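The values are calculated or read from the model by the stated rules, or taken from the named source; none is laboratory data. Since the model is a prediction, treat every value here as computed from it, not as a measurement. FYI the Cβ positions are ideal-geometry reconstructions off the backbone, even for glycines, and counts take in every protein chain you see.
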Ligand SMILES: Cc1cc2nc3c(=O)[nH]c(=O)nc-3n(C[C@H](O)[C@H](O)[C@H](O)COP(=O)(O)OP(=O)(O)OC[C@H]3O[C@@H](n4cnc5c(N)ncnc54)[C@H](O)[C@@H]3O)c2cc1C
């Protein structure tokens with residue numbers, strides 16, 4: 001049986017980052033992945049992911065985001081690929097909403113450069129947008145987007161170059177700890193041993209971490225690419241040189257997020273509901289997007305961007321793995337010290353990919369990390385099953 005320092009289960013966003021970091025530190029790493037690098041069956045596809053630092057989810061994420069930004073730049077240099085684009089980001093909401101007030105609080109607490117704009121100022125600056133009259137916005141010039149498929153491919157390339165053994169098209173069936181204190185992993189093609197295990201299976205976490213009974217919800221989400229009406233607002237106003245990424249929620253409607261035109265006029269304008277999904281089994285996802293789904297998100301998106309329209313350029317499904325408090329699950333496995341876990345990224349994990357790779361590598365090597373990960377404790381109260 002082949003033996004390694006560390007086996008990583010799932011070479012997607014977080015697992016690929018972990019393989020890259022561990023291999024770069026000279027560890028003997030095996031990464032096992034069901035699909036191919038940059039595949040579209042999990043959570044890391046669809047061309048773009050928002051990156052931002054004025055983090056309304058909790059200011060405690062900001063130090064990690066700073067490190068992640070630096071990590072993306074390092075990955076660009078190591079891989080020779082262009083991954084990140086800073087086009088600015090705007091977070092629009094009611095004055096007391098998390099989207100606006102939470103973003104501003106995080107920016108103020110951490111001294112992040114930002115501007116506060118009224119609805120009138122938003123309309124003047126970004127002519128595609130028509131927020132509610134009483135809405136307020138935080139504009140952050142350092143926000144933008146990252147390319148998920150290219151990132152996953154880049155980190156796999158860099159990991160392999162540093163000596164990681166990455167096996168694609170090989171699915172892990174089970175893992176166990178051995179009496180000697182190591183781990184054993186069984187796949188559909190073989191059996192491997194290692195001193196340490198990192199489990200980063202995205203939407204398959206309930207299957208591979210079943211004994212923990214984590215209250216994870218796997219949901220089918222959709223992103224849609226629409227066409228702007230260039231008769232009303234010139235095409236240049238939708239372009240990434242002029243148009244920011246955005247998150248908006250006003251007057252109790254559903255929170256939406258969106259991007260500028262990132263791939264030319266034929267590529268469309270991508271957006272989606274941030275938090276409206278349907279429970280699914282990752283092995284049996286309904287990948288067909290219905291016209292009613294396009295209609296619902298377009299009607300909502302037009303409340304902010306009235307000149308968005310049809311045709312729908314494309315629409316794709318993607319998976320969220322959601323915890324009850326929407327914070328991640330990252331730490332040592334509560335029952336096995338030789339196992340670390342990273343899952344439950346709750347639809348907002350991609351912007352953390354490089355720093356999560358460092359954290360999970362630290363945990364595998366040393367059992368601890370200098371990064372602040374208290375919010376993600378696998379044993380926190382929010383993750384305990386409700387008393388039955
Ligand atoms: C619609 C949508 C929009 C999003 N927008 C944003 C955004 O704008 N900004 C942001 O920061 N985040 C965003 N996210 C969230 C972000 O993409 C995810 O949080 C992140 O990709 C999760 O990474 P992961 O490594 O947990 O999962 P994945 O990247 O899916 O990786 C898990 C990998 O494990 C593999 N695997 C699973 N089981 C096994 C097994 N048994 N054997 C071998 N391999 C296995 C899978 O095939 C997969 O490749 C979005 C997600 C979606 C779906």
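A few remarks follow.
- Residue count, region 369-380 (criterion: exposed (fewer than 12 other Cβ atoms within 10 Å of the Cβ) and free of Cβ contacts under 8 Å to residues at least 40 places away in the same chain): 1
- Taken across region 68-82, residues that are closer than 26 Å to residue 237 by Cβ and either modelled with pLDDT of 95 or more or touching a helix residue (DSSP H, G or I) at 6+ places or on another chain (Cβ under 9 Å) (or both) do occur, with at least one present.
- If only residues of region 325-357 that are part of a loop (DSSP other than H, G, I, E, B) and surrounded by 17 or more Cβ atoms within 10 Å (Cβ to Cβ) are counted, the one that is farthest from the ligand (Cβ to nearest atom) is 327.
- Residues (over 15 Å from residue 78 (Cβ atoms) and touching a strand residue (DSSP E or B) at 6+ places or on another chain (Cβ under 7 Å)) located in region 147-168: 148, 165, 166, 167, 168
- Some residue of region 366-385 being within 16 Å of the ligand (Cβ to nearest atom), assigned to a loop (DSSP other than H, G, I, E, B) and under 24 Å from residue 69 (Cα atoms): yes
- Taking region 178-241 as the region of interest, the strands (runs of 3 or more DSSP E) fully inside it that hold 1 or more residues being under 28 Å from residue 290 (Cα atoms) are 217-228.
- Hey, residue 312 within 16 Å of the ligand (Cβ to nearest atom), assigned to a loop (DSSP other than H, G, I, E, B) and more than 18 Å from the chain's Cα centre (by Cα) or not: no
- Residue in region 148-166 that is assigned to a strand (DSSP E or B) and more than 10 Å from the ligand (Cβ to nearest atom) present: yes
- Within region 285-309, considering residues that are over 12 Å from residue 224 (Cβ atoms) and within 14 Å of the ligand (Cβ to nearest atom), the one surrounded by the most Cβ atoms within 10 Å (Cβ to Cβ): 285
- In the condition set (1) in a loop (DSSP other than H, G, I, E, B); (2) within 9 Å of the ligand (Cβ to nearest atom); (3) crowded, with 19+ Cβ neighbours inside 10 Å, residue 56 is compliant with all but (2).
- Residue 358 meets all of the listed conditions (1) out of contact with any strand residue (DSSP E or B) (no Cβ under 8 Å at 6 or more places or on another chain); (2) more than 20 Å from residue 69 (Cα to Cα) but one, namely (2).
- Selection over region 88-138 of residues that are touching a helix residue (DSSP H, G or I) at 6+ places or on another chain (Cβ under 7 Å) and part of a helix (DSSP H, G or I) gives a count of 3.
- Region 1-26, subset within 11 Å of the ligand (Cβ to nearest atom) and not in a helix (DSSP H, G or I), residue surrounded by the fewest Cβ atoms within 10 Å (Cβ to Cβ): 9
- Of the residues in region 263-280, at least one is under 26 Å from residue 9 (Cβ atoms), under 19 Å from the mean Cα position of the chain (by Cα) and within 13 Å of the ligand (Cβ to nearest atom).
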